[in-house]
Amino acid sequence: MTPMPWLDPLFDAAEMRAADAWAIGREGVPSLELMERAGEGLARVTAAAARPGPVRVVVGKGNNGGDGLVVARLLRQDGHEVDVLAGGPLDELRGDPLANLERLPGSPPEPFTPERLEGSGAVVDALLGTGFQGVPREPLASAIAAVNRQEAPVVACDMPSGVDASTGEVEGEAVRAAATATFHGAKVGLYVNPGKEHAGRVEVVEIGIPRGAPGAHNGLISERVLDLYPRRERSGSKFVSGVVVVVGGSLGLTGAPTMTARSAARAGAGYVQVAVPGPVQPAVDLRLLEQMSRGLPDANGFHTPAGVEVVQEMAERAAAVALGPGLGRDEGAQEFARGVARAAEVPLLVDADGLNAHAGRLELFRERRAPTVLTPHEGELGRLLDRPSDEIARHRLASVREAAERSGAVVLLKGDDTIVAAPGGEVAVNRAGSPALATAGTGDVLSGLIAALLAKRLDAFAAACLGALAHALAADVAAARVGADHVIAGDVIDALPHGLTLR
C-alpha cells in the first residue's frame, strides 16, 4: 500500500527497523555512522533547549542509550558540563552503544538517582527507544518518574520513554518532553494521543538512510492536500459545484443543522438544502439566507421514519448527504436516521446523533454501496463500538482502525490529533490542531465542510483528510482575528476560505 503523495510518512516501530536494516544490510551504511548522526541531531536540539546548568543524559542499555552517549561526548567536546546517569547496569552494553561508551571523554556514567537531576539545565531522555511496548519496569519506571518531577526541559531521544512508538499508547509512567528529536522520520506515537501530549515539539533528524529505503504506510496530513480542492469553473453551475442535503434538526436543536448548511455553502457547495422536522422549519429559515429548507413529517418536533422517503427523493438530486446534526435521540428520529443511511445512494457524512442512532450497530453501514464518512468524537466512537470512552482515549489508533474495518466506512476520530482511517488499514493523522475548536458547533462546521468536498466528487478518504486540515487552519485564522478563547463556530465558518487555500 503506497501512501498518498500529500501525506508525510509516519513510521511505526517495525517500519523503522526495516529502514535501518535496509540501510545497513543492503546499502552498507555503518550502523555506528547512523548512531553518530542521530546523536549529532539530538545534541543540537538539546543545546537549543538547555537553560544554564549541567546537562544530564539519562541512558538505558539499548541503542537509545548509545545515542545518548554520543550526545554526552559531543556536548562535552563543545564545552558543556555533562553528567551521564545510567538508568540500569551498563555492563550489558554491546555493539555500537558499547563503542560509544568507550569513546566517552571525561567522567564515566554514574548510577541514576533522582538527586542527581537537581539544578539541571536540560535532561536528555535516552532510556527506551522505538521498540518499547507496555509498562516500563523498574528501575526505569522510577527514573522516568524522577525525570518528570524535575523542572529542567527534557529532550527525548527518538521517543519519550514509556510511549509506544507504533500507537501512541501509554500504559504506565512516560516521560513528558519539551522536545523530541526523532530519527529518519516521524513516528506514529509522536502524533497520536496520549503520546502526542508527551512529545513536545518534534524535530525530525536526518541520519543518512539513503533514498529508496522501505517507507511507512501511515502519514501526516500535509498542506499539499489543499491542492485537491476542486475549483469552480467559469462554465459551471450551482449543481456542478455540488449539491448537499443536510438532514437533522429537532425541537430546540436548530443551530446544528444551520451551521452545517452554512459551512457546506462556505466550503464551496453550489446548492444546499436542509431537511428538518416541519415545526422547526421556520426557526431554520430565520437563520438561513442562501440555503433552502424543507419540512418533513414529525412527531412532537422530531423526525419520524415517514420522512425517509422524502430524503431519499432529495438525495436523488444531490451529490452528498450530511446526516445527524441536531437530530436528537428520540426513538423515532433514531429509526429515521438508520433508514436514511440505508436509503441514500450518494456519499454520506454521518455525525452527532446520526452516529448515536447506530450505537452498537456499526456493521449496518456495510449495507451501503456509496462512500460513507463517519466523524465521531471519543464518546460517540465508544457508543459505536460498545465500550467506554476512556478506553477509546487510551487506544485511539486501534479504535478508529477497528471502526473503519467493521463499518466499511472512512472514520474520522476527532481530537487534537484527529485520525482518519480507511477500511484496509490506511491511516492519516492531522498534525494541525487548535484550541479555538474547543467550542460548541465546530463539529457541525466540519460536517458541512466534508459534505461539500464529497459533493465535489472527492474520494471519501481525501475529503476527510482535506476537511480535517482545512478545519484546523480555519480555526487558527479565526483565532488570529479574535483570540482562541473567543472563537465561536460561526467564526470558523467565515474563515473556511482561508483554511482551504492557506499555504
*Roughly what angle does helix 63-77 make with the longest principal axis of the chain, taking Cα atoms, 0 to 90 degrees, to the nearest 10?*
60
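Rank by packing, highest mean first: peptides 160-171, 484-495, with packing defined as the count of other Cβ atoms within 10 Å averaged across residues. Show your work: numbers first, answer last.
On the way: 160-171: 25.0, 484-495: 19.6.
Descending packing order for the listed peptides: 160-171, 484-495.
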_Report the Cα centroid-to-centroid distance between region 238-259 and region 368-413 in angstrom, as an integer._
23
_Can you list residues from other chains, or at least 5 along the same chain, whose modelled amide H is less than 5 Å from the amide H of ALA320?_
VAL243, VAL245
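Please state the shape class of region 389-462: rounded when a/c is under 1.5, otherwise prolate if a/b exceeds b/c and oblate if not, all from the C-alpha gyration tensor.
Taking the square roots of the gyration eigenvalues as a ≥ b ≥ c, region 389-462 is oblate.
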_Residue-wise HN-Hα coupling along region 183-196, computed from phi with Karplus coefficients 6.51, -1.76, 1.60 (Hz; x: Gly, Pro)_ = 9, 6, x, 5, 9, 3, x, 7, 10, 10, 6, x, x, 4
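Order by neighbour count: LEU502, LEU90, fewest other Cβ atoms within 10 Å first, most last. Please list the in-between numbers first.
Numbers: LEU502 16, LEU90 19.
Fewest to most other Cβ atoms nearby, the residues stand as LEU502, LEU90.
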*Convert each backbone phi in region 478-491 into a coupling constant with the Karplus relation 6.51 cos²θ - 1.76 cosθ + 1.60 (shift: θ = phi - 60°), then list the ³J(HN,Hα) values in order as whole Hz, x for Gly and Pro.*
4, 5, 5, 7, 10, x, 4, 6, 10, 5, 10, 4, x, 5
*Counting other C-beta atoms within 10 Å, which of SER263, SER407 has the fewest, and how do the rest follow?*
SER407, SER263
*What FRET efficiency comes out for the pair VAL310/ALA178, r = Cβ-Cβ distance, R0 = 56 Å, nearest 0.05?*
0.50
*Compute the separation of the alpha-carbon centres of region 191-208 and region 31-96 and state it in Å as a whole number.*
18
_Estimated inter-spin distance, GLU363 and ARG94, nm [label 7 Å along Cα→Cβ]_ = 4.7
*Could you go through region 335-350 in sequence order and give the Karplus-derived ³J(HN,Hα) for each residue, using 6.51 cos²θ - 1.76 cosθ + 1.60 with θ = phi - 60°, rounded to whole Hz, and x for Gly and Pro?*
5, 4, 4, 5, x, 5, 4, 6, 7, 6, 9, 10, x, 10, 9, 10
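Starting from 0.36 nm per residue, how many nanometres of slack lie between ASN300 and LEU32 once their C-alpha separation is accounted for?
Result for the pair: 89.2 nm of gain on full extension.
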*Can you give the calculated 222 nm mean residue ellipticity of the chain, where each DSSP H run of n ≥ 4 adds -39,500 (n - 2.57) and the sum is split over every residue, rounded to the nearest 500 deg cm²/dmol?*
-11000 deg cm²/dmol
*Amide H neighbours of PHE11 under 5 Å, at least 5 residues apart or on other chains, H built in the peptide plane: list them.*
ALA186, LYS187, VAL188
*Subtracting the Cα-Cα distance from 0.36 nm times the residue separation, let me have the gained length for ARG51 to ALA145 in nm, one decimal.*
31.7 nm
_Need the full-extension length gain, GLU331 to HIS486, defined as separation in residues times 0.36 nm minus the C-alpha distance. One decimal, nm._
52.2 nm
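Which of CYS465, CYS157 comes first, and how do the rest follow, when ranked by fewest Cβ neighbours within 10 Å?
Values: CYS465 30, CYS157 36.
Going from sparsest to densest Cβ surroundings: CYS465, CYS157.
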*Search the structure for amide H atoms under 5 Å from the amide H of ARG431, placed 1.01 Å from N in the peptide plane, and list their residues when 5 or more places away or on another chain.*
ILE221
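What does the highest-first list of 69-79, 319-329 look like by mean Cβ count within 10 Å? Intermediate values should be presented prior to the final figure.
Values: 69-79: 20.8, 319-329: 27.8.
Descending mean neighbour count gives 319-329, 69-79.
Percentage of Cα-Cα pair distances in region 232-468 greater than 30 Å, rounded to whole percent? Let's see the in-between values first.
Working: 4721 of 27966 pairs.
For region 232-468, the share of Cα pairs beyond 30 Å comes to 17 percent.
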*What residue among GLY270, VAL124, GLN312 has its Cα farthest toward the positive end of the dipole of the chain, where the charges are +1 on Lys, Arg and -1 on Asp, Glu, each on the Cβ?*
GLY270
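Any read-out appearing in this document is the output of simple, stated calculations on the displayed coordinates, not a laboratory observation. Since this is a predicted model, take the numbers as computed values, not measurements. Quick reminder, even Gly has a Cβ in these numbers, built from the backbone with ideal geometry, and neighbours come from all protein chains shown.
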